[in-house]
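Okay, structure first, notes after.
Coordinate-derived values only; no laboratory data. Predicted, not measured: the structure shown is a model, and the values here were computed from it. Positions of Cβ are backbone-derived with ideal geometry, glycine not excepted, and every protein chain shown enters the neighbour counts.
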Amino acid sequence: MNLELNQITTLFLAVSLLLAGGLLIRKIPILKRFCIPAPVVGGLLFAILVTIFRQAGLINLTLDTTLQSLFMLTFFTTVGLGASFKLVKLGGKLLVIYWLACGALALIQSMIGVSLATVLDLEPLLGVVMGPISMEGGHGAATAFGGTIEDLGVSSALSIGLAAATFGLVAGGLAGGPSVKYLITKYKLQPSEADINDEVAAAVESNGDSSKGINAQNFMIQILIITFCMAAGSYLGELFSSSTGFVLPSYVGAMFVAVIVRNILDGFKREAVDMKSIDLIGDVTLGIFLSMALMSIKLWEVADLALPMLLIVFVQVFFIVLLGTLVLFRLLGKNYDAAVMVGGFIGHGLGATPNAMANMSAITGQFGPSRRAFLIVPIVGAFLIDLFAIPIIITSINLLK
């Protein structure tokens with residue numbers, strides 16, 4: 001039986017699966033332990049059921065996911081609006097070192113993915129998908145760039161990217177804690193008694209938050225800012241692509257326009273950008289667009305590439321652990337804060353910033369606080385990482401297309 005769901009029904013299903021995933025996470029501790037996102041849980045379970053029904057010859061389901069691009073564009077715009085360079089200055093030298101390490105990681109992940117894909121006789125662009133797109137980029141980038149790569153003629157790029165991102169997310173949770181514990185034990189590290197400047201803590205807590213709170217008028221102002229960035233970024237992306245022949249997706253243009261707008265507004269009227277509202281909009285749109293992406297992946301297309309994908313992901317995990325424990329740990333000062341930041345590095349280097357925060361929370365809950373790590377890692381993981389990773393991903397795609 002062929003069953004087609006229209007745009008609105010597909011949206012309803014996506015929201016339902018998002019809420020169902022959140023419920024399952026609250027009921028199943030292991031999902032919470034590894035910070036598996038709600039849309040991944042709900043969407044993947046639905047995709048598995050669809051695959052079973054299809055293979056059994058019962059139902060062939062078609063979804064209308066055209067709204068997914070709108071939610072995706074909105075989410076990346078909210079990421080850009082979180083990019084306050086005033087916070088970057090407060091992070092100091094360690095933030096710059098950590099940020100550069102993330103940029104180097106994106107480049108090396110691309111090299112590993114493309115090299116192994118070539119050796120395994122796969123399309124090189126799939127190596128980029130199983131490299132920085134799904135590893136450092138996580139499910140959001142896998143959804144965004146997976147669709148772009150499929151438009152270039154590489155089938156199953158989206159499904160493979162989402163599957164690789166899921167494996168990376170779990171691996172980041174498994175590898176982060178033990179790696180940091182090894183460093184703390186080996187070097188007999190302890191939390192520093194020195195506290196970071198109160199200005200830093202205050203700036204992090206009040207990152208653009210408005211004292212007015214969330215109300216209808218203020219919320220509409222944030223939507224105005226977001227939609228302006230989306231519109232300007234979309235035109236910028238189209239203009240850039242038509243002028244240079246270089247693929248620049250609209251969501252990338254929107255994100256960079258949002259970075260510029262945020263910092264211009266900070267100079268004139270800092271409270272114009274209300275991060276409480278922006279974060280709320282970002283969380284909702286991210287959840288819906290990921291839910292749509294996960295529930296519509298065609299798992300039967302990934303089956304033949306399961307072993308090569310697992311091999312590439314395993315090499316990526318092995319490399320980031322070595323890079324974090326042997327190189328980054330020393331560059332960051334070879335102290336307790338550095339060890340905790342390595343846990344964050346492994347977490348978002350293989351999946352998502354929440355994974356990084358969970359790794360660090362588990363470590364500091366056992367060994368003591370690290371306020372410096374909780375300043376630097378979220379700032380880099382939330383938006384700075386994209387300023388390096390996205391140009392590297394776009395360049396890799398255009399070189400290999």
query: If the cut-off is a Cα-Cα distance under 18 Å, which lysines reach residue 27, setting aside same-chain residues fewer than 8 apart in sequence?
result: none
query: How big is the stretch 1-115 by the Kirkwood estimate over distinct Cα pairs, in Å?
result: 18.0
message: What distance in nm separates the two pseudo spin-label positions at residue 59 and residue 115, each 7 Å out from Cα along the beta-carbon direction?
response: 4.6
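Could you size up the charge dipole of the chain around its Cα centre, putting +1 on the beta carbon of Lys and Arg and -1 on that of Asp and Glu, and report it in debye to the nearest 20?
In debye, rounded to 20, the chain gives about 1000.
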task: Take the Cβ-Cβ distance between residue 5 and residue 283 as r, set R0 to 22 Å, and report the resulting FRET efficiency rounded to the nearest 0.05.
output: 0.35
task: For residue 227, put the label point 7 Å out on the Cα→Cβ axis and report which residues of the stretch 274-297 keep their amide N under 15 Å from it.
output: none
- prompt: Under a GNM of the chain (C-alpha, springs under 10 Å), which listed residue has the highest mean-square fluctuation: 148, 244, 74?
  reply: 244
query: So what are the ³J(HN,Hα) numbers for the stretch 173-178, from phi and the Karplus equation (6.51, -1.76, 1.60; θ = phi - 60°), rounded to whole Hz, Gly and Pro as x?
result: x, 6, 8, x, x, x
query: Tell me, how many Å apart are the Cα centres for the stretch 86-107 and for the stretch 241-314?
result: 20
query: So, by mean Cβ neighbours within 10 angstrom, what's the order for 163-176, 78-91 with the highest one leading?
result: 163-176, 78-91
field: Per-pair calculated FRET efficiency, R0 = 22 Å: residue 66 and residue 300 via Cβ, rounded to 0.05
entry: 0.45
message: For residue 181, give me every one of the lysines with a C-alpha distance below 25 angstrom, ignoring sequence neighbours fewer than eight places off in its own chain.
response: 32, 93, 334
query: If each of residue 334 and residue 23 carries a label point 7 Å out from its Cα toward its Cβ, how far apart are those two points in nm?
result: 5.4
field: the stretch 356-401 and the stretch 17-72: distance between their alpha carbon centers, rounded to Å
entry: 25
message: Can you give me the distance in nm between label points at residue 192 and residue 244, each placed 7 Å from the Cα along the Cα-to-Cβ direction?
response: 3.9
query: Highest GNM mean-square fluctuation, the chain, Cα pairs closer than 10 Å: which of 185, 51, 143?
result: 185
field: Candidates 28, 214, 390: whichever shows maximal mean-square fluctuation once the chain is modelled as a Gaussian network with Cα springs under 10 Å
entry: 28
